[in-house]
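Here's the structure, in C-alpha cells; my notes come after.
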Amino acid sequence: MNAESLVRGIGMTSERTRRRLIDQLRAEGIVNETVLEVIARTPRHLFVDEALSSRAYENSALPIGRGQTISQPLVVARMTEAVLTGPRLGKVLEVGTGSGYQAAILAQLADQVFTTERIGELARQAKQRLHRLKLHKVFVRHLDGRDGWPSQAPFDAILVTAGGQVPDTLYEQLAEGGVLVAPVGEPGKVQHLERVVRTADGLERETLGAVSFVPLLEGLD
Ligand code: SAH
C-alpha cells in the first residue's frame, strides 16, 4: 500500500466511523441537525493523544492527561443542543476547556467563544489544536473559570463542563434570553445537567438528565 492510498484508507475509515457515531447520537435522542452536522465534521481524533485516536469516534469519554477527560460525544451534543436556541449563537463562555473539543464545536456555531481552563498545560495544548484547525474565534485563557470572563460578559450561552455548584458570578454574566448549562451535584454523587434561561423576570431552571463530569475546582494548576 503506498502512502497515498494509506491516507485515503484512513480518510474512508474515519468517514465511516464518524457516521456510526452520528447514528448513535440520533438513536440517543439528539435531533438538532446543525449540531449533528458540526459533530460529524469535527476531527475528534485530533483532540486526544495519538495512542487513543482509534477510539476517538466511540461514544465515550477518554482521558486527556492530568486526571481530566474529553467529554462523551453524547454529552457534548446534549449541552450544545441545550444552548442552541436559534440557528447561531453570539458570544459563548465555556468553563473547563479540557481538550478544546467542546470549544471547537461551539466555534462553528457562534460568533466568538471564550473558554477558560485551570490547568496551564491543558490550556496550552487546546490553544495549539484550535489554532491548527484555524478556529480563530476561540479565545483560550488559563484562568479559574468560576469567575467567568467579566470583560466579555454578557454571554448568550454559558457551558460549564466540570461538575459542582454553579457560582452566582456565572449566572450574573448571562445575557437576557441567554442559556447556561452545567452539571450540578455534590462531589462523588450523581450529577444532573441543569439548564437555566435568563428571562426578563429572572432565572428559569430545568433539569435535563444524569451526567458524570470531573469536578469544578478552585484555583490554578
Ligand atoms: N470541555 C472539555 C472537557 C472538560 S473536562 C473538552 O471538550 O474536552 C473538565 C475540565 O475543566 C478539566 O480540564 C478541568 O481542569 C477543568 N476545570 C475544573 N475546574 C475548573 C475551573 N474552576 N476553571 C477552569 N477550568 C476548570
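Taken together, the values in this text are just the output of simple stated rules run on the coordinates, not laboratory data. Small disclaimer: the values here were computed from a predicted structure and weren't measured. So basically every Cβ, Gly included, is an ideal-geometry build from the backbone, and we count neighbours across all protein chains shown.
Who wins for biggest fluctuation among Gly29, Gly148, Gly98 in a Gaussian network model of the chain, springs between alpha carbons below 10 Å?
Taking springs between Cα atoms under 10 Å, the residue moving most is Gly29.
I need the phi-derived Karplus couplings for region 87-92: 6.51 cos²θ - 1.76 cosθ + 1.60, θ = phi - 60°, integer Hz, Gly and Pro marked x.
x, 9, 10, x, 9, 10
Order these by the 10 Å Cβ neighbour count, fewest first: Tyr171, Tyr57, Tyr101.
Arranged by neighbour count, lowest to highest, Tyr171, Tyr57, Tyr101 become Tyr171, Tyr57, Tyr101.
For the chain, what number results from the quotient of the Cα radius of gyration and 2.2 N^0.38 Å?
Relative to the rule-of-thumb radius for its length, the chain sits at 0.99.
Considering Cα pairs under 8 angstrom that are at least six residues apart, work out the relative contact order of region 38-143 and quote it in whole percent.
22 percent
What value, in deg cm²/dmol to 500, does the helix sum -39500 (n - 2.57) over DSSP H runs of n ≥ 4 give at 222 nm once divided by the residues of the chain?
Taken over the chain, the calculation gives -10000 deg cm²/dmol.
Could I have the simple spin-label model distance between Thr17 and Arg41, label points 7 Å from Cα toward Cβ, reported in nm to one decimal?
Taking the two extended label points, one gets 2.2 nm.
Assign unit charges at the C-beta atoms only (+1 for Lys and Arg, -1 for Asp and Glu), then state the dipole size of region 120-221 relative to its Cα centre in Debye, rounded to the nearest 20.
740 debye
Pick from Ser60, Ser14, Ser151: which residue has the top mean-square fluctuation in a GNM of the chain where Cα pairs under 10 Å get a spring?
Ser151
Where does each of Arg66, Arg198, Arg132 land when they are ranked from fewest to most other beta-carbon atoms within 10 angstrom?
Arg132, Arg66, Arg198
Can you sort His192, His136 by how many other beta carbons sit within 10 Å, fewest first?
Placing the least packed residue first, the sequence is His136, His192.
Once both axes come from the Cα atoms, what is the angle between helix 3-27 and the longest principal axis of the chain, in degrees from 0 to 90, rounded to 10?
So the helix axis and the longest Cα principal axis differ by about 40 degrees.
Return one number: the angle in degrees, 0 to 90 and rounded to the nearest 10, between the long axis of the Cα atoms of helix 120-132 and the longest principal axis of the Cα atoms of the chain.
Tilt of helix 120-132: around 60 degrees.
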